[in-house]
Amino acid sequence: MKFKIPLLSYLIFYSIGLFAQTGPGGVGTNSGNSNLVLWLDANNVNLPNGTTTNNWGDSSGYVHNFNSGNGAIFNTNSINSYPSFSFNDSSNYFELAYENRLNPNTFTIFSVSRVANSGSYKAVLSNRDDPPGSPTRGFILYSRPNNNNWSFWTGRDSGSWQTVEGNINTTGNWASQMMRYNGNTNVKNISINNNNYTTATQTMTLNTSRPFRIGAGRNESNTPNYYFNGNISEIIMFDQLINDAQIIIIQNYVAAKYNFTLSQSDLYNEDNAGAGNYDHEVAGIGRVDASNLHNDSQGTGIVRILNPTNLGNNEFFMWGHDNADLQMNTGLNAPSIIKNRLTRTWRVSETNTSGGAIDVGSIDMRFDLTGITGVSTGNLRLLVDTDNDGNFNDETPISGSVSLGSNIYSFNGISSISNNRRFTIGLAFTTIITNRRITHRVNN
């Protein structure tokens, strides 16, 4: 038995390393076995523009699908080519029956919305119970009446709702709202567009029976109220306090995707027209300090980056792509030995929280090339635009990829990618040399 315990510990540790961080921005996984317990993303809905639906599927892997209520109107191109749901301030909402996993005593929640002015409370999300008498239970994110400022409410057994105020009006603009609650210390925070937290210490009593609603409140009644007015694109929930580095990465992911500016730590700067609008599937690694670290990330894209050798405090490495097709093509700018090159390219922000360029050291880069044919370790090449001129034809292709199985290929110890640089992959020509006795296939 003394030999089995160390082996089991090793296998558990090793297996954790095999799972890519495929959640939003590369934080958490979407496999249904991580602390990412809810991920509603309108971009994963496939419906015609203007369709009213009451089914918003969960991408966390836990299948917490919001599939009741009156639903909302699906808009295919609300912002930066991404969709959203439109809520009319009077009847639109999604509902999920009570789910214990979505009522933790500690959580971090992000929402992305564009609120419209109204004279009523507007609930982006509501997981509450307000029974007769003095108790209140659960949590709510409201835009307040008239001034439309953001407000995070929590219930308690012995009295009315307790609030912490965002004190910011984002009416008519896309914005992120983050709220988190620490059940061990009773500390709660709200942050709008990643501004400085507003903080309070308030005991919270959990909702233990009522449904969860998006776009409306009054969960204790079959007749909702406090309908949202505006658009909602994404809801992300973790049943833990994710660390400060992870918060910065997710905030940059949503800011690039929905084309708004963060109040601070807006570190990914490849998402504007001057940089080429590399807005898509942004993910990142980073470190605030030894306790706030995230060094393995993939997100929803095909690129996973991990194992930085020199990631220091307040340093981040983030990447996104131009949304070009995931297919190999000839005729694209590439070195002469490249037969065809991936149409899609990525661009990197390697920076500290003060905005200065830094070096996180060498990194491992993994590509999931499922669906791309003709790939082998012999012909796969990494292309890096080291002189930052927007062209790959004057660059030296990097060989030496390793096959990890399941169409995943890794380039290890890469040090040629730095701040603002682009990268992609290509397939090299294969030269066939033949004599009378033997044929050689040579990879260039």
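The values are calculated or read from the model by the stated rules, or taken from the named source; none is laboratory data. All figures in this text were calculated on a predicted structure; none of them were measured in a lab. Note that each Cβ is placed from the backbone with ideal geometry, even for glycine, and that neighbours are counted across all protein chains shown.
If the condition is being in contact (Cβ under 8 Å) with a residue 12 or more places away in the chain, over 22 Å from the mean Cα position of the chain (by Cα) and under 18 Å from Phe212 (Cα atoms), then region 95-119 contributes Glu95, Leu96, Ala97, Tyr98, Glu99, Asn105.
Within region 71-83, residues that are in the same structural domain as Asn54 (by TED's automatic domain parsing) reach partners that are basic (Lys, Arg) with beta carbons closer than 8 Å, at six or more positions or on different chains, in the pairs Ser78/Arg114; Ile79/Arg114; Asn80/Lys257; Tyr82/Lys257.
Of all residues in region 237-250, at least one satisfies being in a strand (DSSP E or B) and modelled with pLDDT of 95 or more. Screening the candidates Leu96, Leu125 for the property of being aliphatic (A, V, I, L, M), at pLDDT 95 or above and in contact with a helix residue (DSSP H, G or I) (Cβ under 8 Å, 6 or more places away or on another chain) yields one hit, Leu96. If you go through region 249-284 and pick out every residue that is out of contact with any Pro (no Cβ under 6 Å at 6 or more places or on another chain) and closer than 19 Å to Val303 by Cβ, you end up with 20. All of (1) touching a residue at least 12 places away in the same chain (Cβ under 8 Å); (2) part of a loop (DSSP other than H, G, I, E, B) hold for Thr223 with one exception: (1). Inspection of region 121-141 finds a residue satisfying the criterion of being without any contact (Cβ under 8 Å) to a residue 12 or more places away in the chain and assigned by TED's automatic domain parsing to the domain that holds Asn193.
Of all residues in region 300-327, those satisfying the criterion of being farther than 19 Å from Asn420 by Cβ and not in a loop (DSSP other than H, G, I, E, B) are Arg304, Leu306. For region 254-295, a residue qualifies if it is hydrophobic (A, V, I, L, M, F, W, C), crowded, with 17+ Cβ neighbours inside 10 Å and assigned to a loop (DSSP other than H, G, I, E, B), and the qualifying residues are Phe260, Leu262, Leu267. Within region 342-349, not a single residue is buried (at least 17 other Cβ atoms within 10 Å of the Cβ), at pLDDT below 95, touching a strand residue (DSSP E or B) at 6+ places or on another chain (Cβ under 6 Å) and not acidic (Asp, Glu).
Pairing residues of region 151-177 that are on the phi > 0 side of the Ramachandran plot with residues that are modelled with pLDDT of 95 or more, at Cβ distances under 6 Å and at least 6 apart in sequence or on separate chains, gives Asn167/Asn149. Among residues that are of a type outside the set (Gly, Ala, Ser) and either free of Cβ contacts under 8 Å to residues at least 24 places away in the same chain or not in a loop (DSSP other than H, G, I, E, B) (or both), Arg344 is not included. How many residues are closer than 18 Å to Ser176 by Cα and surrounded by fewer than 22 Cβ atoms within 10 Å (Cβ to Cβ) when one looks only at region 195-228? Result for region 195-228: 5. Residue selection: Ser158 fails the criterion of being over 23 Å from the mean Cα position of the chain (by Cα), more than 20 Å from Tyr98 (Cα to Cα) and surrounded by 14 or more Cβ atoms within 10 Å (Cβ to Cβ). From the set of residues in region 402-444 that are of a type in the set (A, V, I, L, M) and in a loop (DSSP other than H, G, I, E, B), which is modelled with the lowest pLDDT? Selected residue: Ile438. Each residue in region 47-75 was checked for being under 19 Å from the mean Cα position of the chain (by Cα) and assigned to a loop (DSSP other than H, G, I, E, B), and 8 of them qualify.
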